[in-house]
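Derivation of every value follows stated rules applied to the coordinates shown; laboratory data play no part. None of these values were measured; they are calculated from a predicted model. A quick note on method: Cβ atoms are made from the backbone with ideal geometry, for glycine too, and the neighbour counts reach across all protein chains shown.
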Amino acid sequence: MTEHVLAAIDGSQFAEGVCDYAAWASLALDAPLSFVHVVDNHSGAPEEQNLSGSLRFGAREKLMEELSALDEQRARVNREQGKLMLEAARARAVEDGVSSPTTRQLNGTLVETLVELEKDVRLLVVGKRGETAHQASGHLGANLERVVREMHRPILMVPKAFQRPEKVLIAFDGSQTARKGVEMLARSPLFAGATCHVLIVGAETAEHRSELAWALNTLREAGHHAEGAIRAGEVDDALQAYEQESGIDLLVMGAYGHSRIRHLLVGSTTTTMLRSSRIPVLILR
């Protein structure tokens, strides 16, 4: 099966951004686009609620039946809402120029469903938060870190409004995996015509200058206008400062072994950064 761009949508304010970034990626990569909506029918089950043991048996049994009926009704409503969202997403993608985007509605938990689908995924596009801002199970915002940890495909986490990336920043640490990330960035049609920035966070040593020079040369040889810098400080602070100074439209990060940047992908820092960033973040795997 042809690898496709997969966009996970829900009823959040990020859904339109997900649609537009997914359409942009699909067209740039010349890859089919598929939208998925996951319905979790197991969250908030009646038997998990705290019911009073002081109720008479008959009253408690009746209450349980009513709660079960409400839960079934809620599941039907969620499915119907999901179908409407998928149809709206498909129509928006067609308006953006994508031919024949497909839609799927699946039952299950979000992360496990995405992992099951990943073998056919070239790029996963998700919003930075789900339907609610709180940490409710089953919503994208509650699962950001798990998605990053468990998926083995590139993940693009996007804000509410689409802006075509013209200035792209890659966080670079000189490792072999990081070099593969630069090479991927250099040849990807996703960033054709974009100015590529490279940032190394650390002391300005001869080794870092050599690593930066390699990254810039690789990007320039591929036809990109490339700029770069070496900055001291904490990784997340340095990245955010550089983003603002240079007007960066998209941040590229990778799973870089046990480097300082890798720490962003295994702790709370990455979740905070992904949620607070004003620009899309592409995690390369």
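Measuring r between the beta carbons of H152 and D30 and using R0 = 22 Å, the FRET efficiency lands at 0.50. Peptides 14-21, 101-108, ordered by how many other C-beta atoms sit within 10 Å of their residues on average, highest first, read 14-21, 101-108.
Can you tell me how much longer the chain between E204 and E61 gets when fully stretched, taken as 0.36 nm per residue apart minus their C-alpha distance, in nm with one decimal?
44.4 nm
Modelled this way, with points 7 Å down the Cα-to-C-beta line, the labels at A75 and A241 are 5.3 nm from one another.
Of A75, S99, A88, which is farthest towards the positive pole of segment 64-107's charge dipole, taken about the Cα centre with +1 and -1 on the beta-carbons of Lys, Arg and Asp, Glu respectively? My answer, from the dipole projection, is S99. Label zone (E183, point 7 Å along Cα-to-C-beta; backbone nitrogen cut-off 13 Å) within segment 214-253: 215, 218-219. Derived scalar couplings between HN and Hα for segment 87-92 equal 5, 5, 5, 4, 5, 5 Hz in order, rounded to whole Hz, by the Karplus curve 6.51 cos²θ - 1.76 cosθ + 1.60 (θ = phi - 60°), x for Gly and Pro.
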